[in-house]
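Take this structure, written in structure tokens, and hold onto it; I'll ask about it next.
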Amino acid sequence: MSVLEKMNSAEIIATENKYGAHNYHPLPVVLSRGEGVYVWDVDEKKYYDFLSAYSAVNQGHCHPKIVNAMIEQAQTLTLTSRAFYNDKLGNYEKFLTKFFGFDKVLPMNTGAEAVETALKICRKWAYEVKGIEENDAQIIVCDGNFHGRTTTIISFSNDENARKNFGPYTAGFIKIPYDDIDALEKVLTTSKNIAGFLVEPIQGEAGVYTPADDYMMKAKNLCNQHNVLFIADEIQTGIARTGSLLAVCGNCDCQNHCERQATYATPDVLILGKAISGGVYPVSAVLANDAIMNVIKPGQHGSTFGGNPIAAAVAVAALEVVDEENLAQNARYLGKIFRTKLSEYIKTSTIATLVRGRGLLNAVVINDTEESDTAWNICMALRDNGLLAKPTHGNIIRFAPPLVMNEEQLLDCVSIIIKTLKEFER
Ligand SMILES: *Cc1c(COP(=O)(O)O)cnc(C)c1O
């Protein structure tokens, strides 16, 4: 029986390989069910999910409240397009803008679309409000960034694999080192045509690079001084992942953070995706105040599915769960335990050199080269030991479980991770 089931799993992988484009390199595990912090494969083997679909499933797999909101709305009205009004969008927009403390939202579907939207808003604001000459606007981005996969976005990536042979590239971007406030100040003072600064509060894909605690606030203040839009891509870091509702909130401890967010690095433009729907439906959003958002007029931007009633219902439920279940506090509390336990182990480890991160967005650096397959092999062993994670780079493994995890489960996971790493000690 188990042989037959194993064949099924191999067959499923072979089918994907044959009929699907090879644009991903998945870990060989075929999942068929999820609940909370767990997923099960086709052989009913149970795993802790330590990727959470790149932080889309912060609220846990198949959260009943979110799933029910989707089912109910799917049976009532799914899509009208924005050619007409629907009775869910306005309420969602009101809820979302109050939740994050902005005047307006522009609803989209995927993260990359939301980043594109933010770039368009930024350019238009630069010409129509700031007064930059048409086609001269520049947007500052960071080395090691990840903002998605569209032609414009990969134009300013420095991941050669993501970029090569996809040119000609979109112009109008200036790259500076990440977590380097002097580099930002230098560009801002030497060029007059800067429209915005697009930045991840923690670089997730690059390997969970966590900048200095005051980097966001200093960057925001510099942008203010130079009349440049501070654009935060919180698609991966936002929605409680790093122990606060937004990573730019730093160590802000309140749930309804909006009043206090002002003392931190309130973005001019906030980009959200992933966990805004709890991983149930593609939903993304760009938030800004009127002085910025009002540059967009009818016909200048849109999407057939953006702002559809299912997305609206799902996102409201998903954000309510974040509040009701205190996910930010939980992420902060468990994250400290995770890093403390791993640091203790790493002191005497020959295979792991560093643990870093904030809240439940963490990474362990493996003692081998970027080109090695050690991190991949460790992830295969973790899989065998009942925990799913993936390398972000050759020698870095990201650990990002659903935020609905409890302390007992986290401690169980820590012992699985340490036990597995010990198998690789030399
Ligand atoms: C995932 C991600 C994106 C892209 O989102 P998609 O939904 O995959 O298009 C953009 N920025 C960051 C920081 C991300 O983590």
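All of the numbers you see were taken from the coordinates with simple rules; none came from a lab. What you see is a predicted model, and the numbers here were worked out from it, not measured in a lab. Quick reminder, even Gly has a Cβ in these numbers, built from the backbone with ideal geometry, and neighbours come from all protein chains shown.
Going toward the positive end of the dipole of the chain, with +1 on Lys and Arg Cβ and -1 on Asp and Glu Cβ, which of Asn294, Pro64, Asn165 do you reach last?
Going by the Cα projections, it comes out as Asn294.
Please state the charge dipole magnitude for the chain, taken about the Cα centre, from unit charges on C-beta atoms (+1 on K and R, -1 on D and E), reported in debye and rounded to the nearest 20.
On the way: 40 positive and 50 negative charges, 56 e Å.
Using Cβ point charges on Lys, Arg, Asp and Glu, the chain gives about 280 debye.
Which of His22, His147, His61, His393 comes first, and how do the rest follow, when ranked by fewest Cβ neighbours within 10 Å?
Starting with the residue having the fewest Cβ neighbours, the order is His22, His393, His61, His147.
Still on this structure, please answer the following. Using 5 Å bins from zero, what percent of all Cα-Cα pairs in the stretch 142-296 falls into each bin?
Calculated over all Cα pairs of the stretch 142-296, the distribution is 2, 9, 17, 22, 21, 17, 9, 3, 1, 0 percent.
Which trypsin sites (Lys or Arg not before Pro) in the stretch 146-177 sit in a loop by DSSP (not H, G, I, E or B) and have at most 15 other Cβ atoms within 10 Å of their own Cβ?
Arg149, Lys164
Enter the angle in degrees (range 0 to 90, nearest 10) between the Cα long axis of helix 374-384 and the first principal axis of the Cα atoms of the chain, meaning the one along which they spread out most.
The angle comes out at about 60 degrees.
OK, next. With each label point set 7 Å from Cα along the Cα-Cβ vector, what nm distance links Lys130 and Thr151?
Roughly 2.4 nm, to one decimal.
If r is the Cβ-Cβ distance from Asn377 to Asn294 and R0 is 56 Å, what FRET efficiency results, to the nearest 0.05?
That pair, Asn377 with Asn294, gives E of 0.60.
Ok, one more. Which of the GluC sites (Glu not before Pro) found in the stretch 393-426 are loop residues per DSSP with 14 or fewer other Cβ atoms within 10 Å of their Cβ?
Answer by residue number: Glu425.
Starting from the Cα-Cα distance between Asn8 and Glu44, subtract it from 0.36 nm times their residue separation and give me the gain in nm to one decimal.
Residue separation times 0.36 nm, minus the Cα-Cα distance, leaves 11.7 nm.
Of Ala10, Pro28, Tyr92, which is farthest on the positive side of the dipole of the stretch 1-112, counting Cα position, with +1 on Lys and Arg Cβ, -1 on Asp and Glu Cβ, and the Cα centre as origin?
Most positive-ward Cα: Tyr92.
For the stretch 156-247, which chymotrypsin sites (Phe, Trp or Tyr not before Pro) pass both filters: DSSP loop (anything but H, G, I, E, B) and at most 11 other C-beta atoms within 10 Å?
none
Moving on to the next point. Taking every eigenvalue of the Cα gyration tensor of the stretch 40-135, multiplying by 5 and rooting it, what semi-axes result, largest first, whole Å?
34, 21, 13
Once fully extended, how much extra length lies between Phe166 and Val30, figured as 0.36 nm per residue of separation less the alpha-carbon to alpha-carbon distance?
45.9 nm
Could you grab the Rg to Rh ratio for the chain? Cα atoms only, Kirkwood for Rh. If you can, show how the numbers build up before the last one.
Numbers: Rg = 21.6 Å, Rh = 22.4 Å.
On the Cα set of the chain, Rg over Rh gives 0.96.
Right, another one. How far is helix 309-324 tilted off the main Cα axis of the chain, in degrees rounded to 10, range 0 to 90?
Here the helix axis deviates by roughly 70 degrees.
Another one. Tell me what the chain gives for mean residue ellipticity at 222 nm when only DSSP H runs of n ≥ 4 count, each as -39,500 (n - 2.57), the sum divided by the residue total, rounded to 500 deg cm²/dmol. Intermediate results must be reported in sequence, preceding the final value.
On the way: 15 runs with 162 residues, N = 426.
The helix contribution divided over the chain gives -11500 deg cm²/dmol.
Between the helical axis of 111-125 and the dominant principal axis of the chain, each derived from Cα atoms, what acute angle in degrees is found, rounded to the nearest 10?
For 111-125 against the chain, the angle is about 20 degrees.
Using Cα springs under 10 Å in a Gaussian network model of the chain, which residue among Gly60, Gly207, Gly131 shows the largest mean-square fluctuation?
Judging by the Gaussian network model, the answer is Gly131.
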